[in-house]
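FYI, it's all coordinate maths here, none of it is from the lab. Note that the structure is a prediction, hence the values are computed from the model and not measured. Methodologically, a virtual Cβ is constructed for each residue, glycine included, from the backbone with ideal geometry; neighbour enumeration extends over all protein chains shown.
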Amino acid sequence: MAKSQIVEIEGKRLSLTNLDKILYPAAGFTKGQVIDYYARIAPVLIPHLTGRPLTLKRYPEGVDHEYFFEKNANKYRPDWVQTAPVWSRHNRRNINFILAGDLPTLIWLANLASLELHPSLSMAKDVSSPTMMVFDLDPGPPATIVQCCQVGLWLREIFEHFSLQSFPKTSGSKGLQLYVPLNTPVTYDITKPFAHALARWLEQEHPQLVVSDMKKELRKGKVLVDWSQNDEHKTTIAVYSLRARERPTVSTPVTWEEVKQAWVKKDPEHLVFQAAEVLKRVAKEGDLFAPLLALKQKLPKLAGLEAAASAVGSGLDLAAQAETPARGATRKQPRKPTPVRAAKSRRRKV
């Protein structure tokens, strides 16, 4: 592939630069190959990005060099790149997040060496209302994704008691992520306590393997059930996004049968997929995460967890009560959310 070239995509002209630059040294994977991957995965990736505020994680010199996050769309963007203003209480101004809802924008981002794409769980039109709930299962060494599979299967069983469908994907890094599509009116004030209650229940029922507290000293050999991602001010790695690991691994949708097999075989490599493999999987299986776009589900109320306790474990009602204020009690003020930091607009040659 040439070092640089001008291309026209859907009527938009882009200058693609330094295509021979190696961004994954261990794999010899170039920026041109990054762009090619995103162009080919676009039909299934773009629907999961459309309308969502997007945070970029950019690696202009490659995965073994300095990176930076970018939230605020830089002023050098083409005029056809769409943005959405989202109010930042910390900065006391709007942050103009990029909306990557079309192929030209996705390729422009890839050309900036935006290896990782981190969308909001909400749509830009209503950032207080998530369309899904997520659990990020993060293993503390020597635990691996194998132990995450066991925890994921436990979570799936709980959701099945509530007649809720859940969908797993690899993080593309060390762990496993579990998504519950909602697509019905809900706020983070509902999804976050619900996720926290389930994480605490799992910790109570399986203390030898599960932890819900993020303190690193508690996580050795256990799986952190990170419920805190269910927050207006946080993002989670996009499905089909590359990860900045040694090799171009991808956050990949998997089936529950694959999760079960990884657990049975005790093989962490069973759920590691690189870019070329993911393209083949999609060509064969389609988008396993398509239900996240339209499946409508409603969470039971926290009080409803108590009714299900006899079916899924005696600790569940305790977790629910811990998150539900007593009648007439004054609810504590929520902790101040992590501020949205706007990346300085600057030009970087990549």
Open item on the list: Between Arg13 and Thr50, how high is the FRET efficiency from 1/(1 + (r/R0)^6) when r is the Cβ-Cβ distance and R₀ = 30 Å? Nearest 0.05.
Closed with: 0.85
Task: 0 to 90° range, to nearest 10: angle between helix 256-265 axis and the chain longest Cα axis - done: 80 degrees
Task: Part-to-part distance (alpha-carbon centres) for segment 200-263 and segment 83-131, which is given in Å - done: 23 Å
Open item on the list: Just to be sure I understand the curve: with the Debye formula and one point per C-alpha of the chain, what is log10 I(q)/I(0) at q = 0.07, 0.09, 0.13 Å⁻¹?
Closed with: -0.30, -0.50, -1.05
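Could you tell me whether segment 76-138 comes out rounded, prolate or oblate from its Cα gyration tensor? Rule is a ≥ b ≥ c as square roots of the eigenvalues, rounded for a/c under 1.5, then prolate if a/b exceeds b/c, otherwise oblate.
Note, shape of segment 76-138 comes out oblate.
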TODO: Per DSSP H run of n ≥ 4, the term is -39500 (n - 2.57); total these for the chain, divide by its residue number, and report the mean residue ellipticity at 222 nm rounded to 500 deg cm²/dmol.
DONE: -9000 deg cm²/dmol
Task: Contact order normalised by residue count of the chain, Cα under 8 Å, 6+ apart, percent - done: 20 percent
Open item on the list: Taking amide H atoms as placed 1.01 Å from N in the peptide plane, list the residues 5 or more away in sequence, or in a different chain, whose amide H sits under 5 Å from that of Gly221.
Closed with: Gly140, Ala143
TODO: List the residues whose amide H sits under 5 Å from the amide H of Leu176, counting only those 5 or more places along or on another chain, with H placed 1.01 Å from N in the peptide plane.
DONE: Leu137, Ser171
Open item on the list: Please list 3J(HN,Hα) in residue order for segment 52-69, calculated via the Karplus relation 6.51 cos²θ - 1.76 cosθ + 1.60 where θ = phi - 60°; whole Hz, with x for glycine and proline.
Closed with: 9, x, 10, 9, 9, 10, 9, 10, x, 10, x, 5, 9, 10, 4, 10, 8, 8
Open item on the list: I'd like the projected area of segment 128-323, averaged over all directions, using the convex hull of its alpha carbons. Report it in nm² with one decimal.
Closed with: 10.8 nm²
Open item on the list: Which one, His48, Leu16, Ser88, projects farthest toward the positive side of the charge dipole computed for the chain from Cβ point charges (K/R +1, D/E -1)?
Closed with: Ser88
Open item on the list: Which log10 I(q)/I(0) values does segment 5-119 give at q = 0.10, 0.13, 0.22 Å⁻¹ under the Debye formula, counting every alpha carbon as one identical point scatterer?
Closed with: -0.30, -0.50, -1.32
Open item on the list: Cut-off is 10 Å between beta-carbons; in what order do Met214, Met123 appear when sorted fewest neighbours first?
Closed with: Met214, Met123
Open item on the list: Taking the beta-carbon count within 10 Å as an exposure proxy, list Ser122, Ser173 from fewest neighbours to most.
Closed with: Ser173, Ser122
Open item on the list: Within a 10 angstrom radius of the beta carbon, how do His161, His118 rank from fewest other beta carbons to most?
Closed with: His161, His118
